[in-house]
Amino acid sequence: MSNNPQFIELKSVVDQEEHDFADMQQRHFKVRAQMALENDTLRKSFRGASDFLMGKRKAVFPDSDELEALRDRGEAARQRSLSKLPELLEQLERSLTANGVHVHWAETAEQANDVIHKILERRNARTVVKGKSMVSEEIELNHYLEQHGIECLESDMGEYLVQLGKETPSHIIMPAIHKNKEQIARLMHTRATTPDGEAVPYTEDVDDLIGNARAILREKFRTADAGISGVNMAIAETGTLLLVENEGNGRMCTTVPPVHIAITGIEKVVEKLTDVPELLTLLPRSATGQIITTYVNMISGPRKEGELDGPDEVHLVLLDNGRSRMFNHPELKQTLQCIRCGACMNHCPVYARVGGHAYGSTYPGPIGQVVTPQLSSAGGLAENGDMINACSLNGACGEACPVRIPLPDLIRNLRAEAVKPHRNVGVGDERVPGAGTQRHLTEALIWKGWSTVHKVPFLYRFSTNALAMGRGLMPSKIGPWTETRSTPKPAAKNLHQLARAAGIPDQPDD
Ligand code: SF4
């Protein structure tokens, strides 16, 4: 097969796409965004996918009053849980332990990786199947396990494709949203092998593509030493881990292998089973426009004596990675309300144009802009300063969010944090990592001067007169702002002059 000219040609295209992706990820945000904007295929994929998902969401929320009432309830449910987060986490640990689930706490991404690796080592596990888990992406678990000689295969179709292409997810719900049918066909044909070790036949038929992947994954589920999954909600009252999914791979990962390791952020805890319907009513509707997902898995412990199915060992890793700091911040705490539905991305005009990879982070789009700088492992505002500016503050994300996270306000808040005078220092400081690192002295002085001029009437009149007189001296370019815009020109007459000409007298303190 490797000598087949068609195979060689398709493989070279796939290799080039892998190379382009790796190259893009080395660049800064602005360059990545520019590269994405110049890629017509990518723009078409994202535009089409965003329109499709927005249309599906709209269709399942036909009554706007009902939608707003549901959002009120969703927001209240998340805020209720967050208001007693420390207590609920302790209760969750007690309930899970009573159910026979081992609970592990990880303050950092490194600790989470280490905990999972140790569990796998103790069980002598060499092959692992993983259901979709953005937290495992956040800690770069696959890479860590690979370095320790453990194969970790993604089993969600989108994640599987992304892994084959050596990429990262470009959307939190639809990881391979950026790929079209032809790209997927090439990828499957040149990178995947059947259980018999043959190249997968080339096909652009979606059902056949899915069928081929299913045959490969079935075998992997059957033989894997362990399964890893994410968690959508962890219910403190009953010690239950809830996962929603559409492909059945989550159920396979959590029940077929002898060990199941779940990983989640500490914010995913809810108090009672009665909190679940409120959030489950919103999550699939907002994510994929479904009333309910095909599978809703509720795991409350390992296989009991006499039971035929299920793992004999279940673990939950609770990850912090900066979430406690978010929890202690009076406004940014609302970040933790997120139920990871992805609706804010689908409604974001910036995301729809540049796509997820341009952000260079695990979580792209509006929620990515808010959560990424706050994670301990993501380089804070020093490395993500450009990302928070990729927003027109049009407010669509905040209006789409099913749990009413005020995303535009949080983005503005982070922009302020980025330019605040003092730098973040020391452990226990609740400021965002890298706060103050985007502050530039010249810019700060310009704004200081601007505010002084606008506070002193005499200075304001003098400066607007001077600008009107010197308008002809305005340079044609004033930095990056005018790379894509025309240069603003002061008016020939300022407002006072126009008012006087219209017979409106100056006010006493004007
Ligand atoms: S911020 Fe809101 S809309 Fe965005 S992923 Fe989270 S819950 Fe969904």
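Being touching a helix residue (DSSP H, G or I) at 6+ places or on another chain (Cβ under 7 Å) and not in a loop (DSSP other than H, G, I, E, B): is that true of Leu209 here?
Yes: the conditions hold for Leu209.
Could you tell me which residue of segment 319-345 is nearest to the ligand (Cβ to nearest atom), considering only residues that are among the aliphatic types (A, V, I, L, M) and in contact with a Leu (Cβ under 7 Å, 6 or more places away or on another chain)?
It comes out as Ile339.
With the checklist (1) in a helix (DSSP H, G or I); (2) closer than 25 Å to Gly322 by Cα in hand, flag the one item Leu120 doesn't pass.
Leu120 satisfies all of (1) in a helix (DSSP H, G or I); (2) closer than 25 Å to Gly322 by Cα except (2).
Within segment 319-328, identify whether any single residue is closer than 30 Å to Phe61 by Cβ, out of contact with any strand residue (DSSP E or B) (no Cβ under 6 Å at 6 or more places or on another chain), of a type in the set (Ser, Thr, Tyr) and not assigned by TED's automatic domain parsing to the domain that holds His178, and answer yes or no.
No, that holds for no residue.
Pick out the one residue from Leu82, Leu70, Leu92 that is surrounded by 23 or more Cβ atoms within 10 Å (Cβ to Cβ) and in a helix (DSSP H, G or I).
Details: Leu82 fails: surrounded by 23 or more Cβ atoms within 10 Å (Cβ to Cβ); Leu70 fails: surrounded by 23 or more Cβ atoms within 10 Å (Cβ to Cβ).
Result: Leu92 is the single residue among Leu82, Leu70, Leu92 that is surrounded by 23 or more Cβ atoms within 10 Å (Cβ to Cβ) and in a helix (DSSP H, G or I).
Of (1) buried (at least 24 other Cβ atoms within 10 Å of the Cβ); (2) within 15 Å of the ligand (Cβ to nearest atom); (3) not assigned by TED's automatic domain parsing to the domain that holds Pro62, Gly395 satisfies all except one. Which?
That leaves (1) as the condition not met.
Please find, among Thr281, Thr288, Thr274, the residue that is hydroxyl-bearing (Ser, Thr, Tyr), more than 14 Å from the ligand (Cβ to nearest atom) and either in contact with a His (Cβ under 9 Å, 6 or more places away or on another chain) or in the same structural domain as Ile139 (by TED's automatic domain parsing) (or both).
Step by step, each of Thr281, Thr288, Thr274 is checked, and only Thr274 is hydroxyl-bearing (Ser, Thr, Tyr), more than 14 Å from the ligand (Cβ to nearest atom) and either in contact with a His (Cβ under 9 Å, 6 or more places away or on another chain) or in the same structural domain as Ile139 (by TED's automatic domain parsing) (or both).
Surrounded by 13 or more Cβ atoms within 10 Å (Cβ to Cβ), touching a residue at least 24 places away in the same chain (Cβ under 8 Å) and more than 21 Å from the chain's Cα centre (by Cα), is that true of Asn465?
Values: surrounded by 13 or more Cβ atoms within 10 Å (Cβ to Cβ): yes; touching a residue at least 24 places away in the same chain (Cβ under 8 Å): yes; more than 21 Å from the chain's Cα centre (by Cα): yes.
Yes; evaluated as a whole, the condition is true for this residue.
Just to be sure I understand, how many residues within segment 93-140 are at pLDDT below 95 and in contact with a Leu (Cβ under 6 Å, 6 or more places away or on another chain)?
0
Give the residue, chosen from Tyr359, Tyr351, Tyr363, that is within 9 Å of the ligand (Cβ to nearest atom) and out of contact with any strand residue (DSSP E or B) (no Cβ under 8 Å at 6 or more places or on another chain).
Tyr363
Condition first: part of a strand (DSSP E or B) and either over 15 Å from Val101 (Cβ atoms) or out of contact with any strand residue (DSSP E or B) (no Cβ under 8 Å at 6 or more places or on another chain) (or both). Now tell me which residues in segment 252-283 satisfy that. Lay out the reasoning, then the answer.
Of the residues in segment 252-283, the ones part of a strand (DSSP E or B) are 259-265, 269-270.
Matches in segment 252-283: Gly265, Val270.
The values are calculated or read from the model by the stated rules, or taken from the named source; none is laboratory data. Nothing here was measured: the structure is a model prediction, and the numbers come from that model. Methodologically, a virtual Cβ is constructed for each residue, glycine included, from the backbone with ideal geometry; neighbour enumeration extends over all protein chains shown.
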